[in-house]
Amino acid sequence: GRTQSLVRESAARLDRTNQELEREYRKTERIVRSAYSSLVSSTAMLAALREGILAQEIRLATRLKGFESGVETSVSVLDAYQSYYAARRDFMNARYEYLKNRLMLKQAVGSLARNDVADLDLMLEQK
């Protein structure tokens, strides 16, 4: 009887351990999928905001030329400057999110290393 009891107990522990392993596997998979999705989303956002900055630069240049020729008012030029810097701010915020999401994905898949921090430092120095 004692041997049977020990066998059943060991089988129950094995079953519980297998369930915990499966739960952790699913949790890890969910985290990785979420991190990847966030990275893809922030990459697309960066591309769109980069185009927005270019459009605001063109708008600003047009307003400045119009102001020099007397067609535009100083208010419209200031509005163009405000829009340009708002676009730059939004881009930098999205860039920060992208870099953060990149690190989170590397952490989720277990490939985050010390040199990733050095790479991040280089990317933050770039404008």
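For the chain, the longest principal axis of the alpha carbon atoms and the long axis of helix 2-68 meet at an angle near 0°. For the chain, the relative contact order is 32 percent, taking Cα pairs closer than 8 Å that sit 6 or more residues apart in sequence and dividing their mean separation by the residue count. Where (1) 1.28; (2) 1.07; (3) 1.93 are the candidate values, the label of the one calculated here for Cα Rg over 2.2 N^0.38 Å is (3). Take the Cβ atoms of Asp90 and Ala113, set R0 to 35 Å, and the FRET efficiency comes out at 0.70.
The C-alpha atoms of the chain define a longest principal axis, and helix 114-125 lies at about 10 degrees to it. When the charge dipole of the range 17-121 is built from unit charges on Cβ atoms (+1 for Lys and Arg, -1 for Asp and Glu) and taken about the Cα centre, the candidate among Val109, Ser41, Tyr84 whose Cα reaches farthest toward its positive end is Val109. Assuming charge only on the beta carbon of Lys and Arg (+1) and of Asp and Glu (-1), the dipole of the chain about its Cα centre is about 560 debye to the nearest 20. Within the listed set Arg50, Arg102, Arg114, the residue fluctuating most in the Gaussian network model of the chain (springs between alpha-carbon atoms under 10 angstrom) is Arg114. A Förster radius of 25 Å, combined with the Cβ-Cβ distance separating Glu125 from Ser37, puts the computed FRET efficiency at roughly 0.35. Between the listed residues Ala55, Ala12, Ala118, the Cα displaced farthest toward the positive end of the dipole of the chain, a dipole computed from Cβ unit charges relative to the Cα centre, is found at Ala12. Each of Lys106 and Ser83 was given a label point 7 Å from its Cα along the Cα-to-Cβ line. The distance between the two points is 3.8 nm.
Taken together, the values in this text are just the output of simple stated rules run on the coordinates, not laboratory data. Every value quoted in this text rests on a predicted model; they were computed, and no experiment measured them. Neighbour counts run over all protein chains shown; Cβ positions are idealised from the backbone, glycine included.
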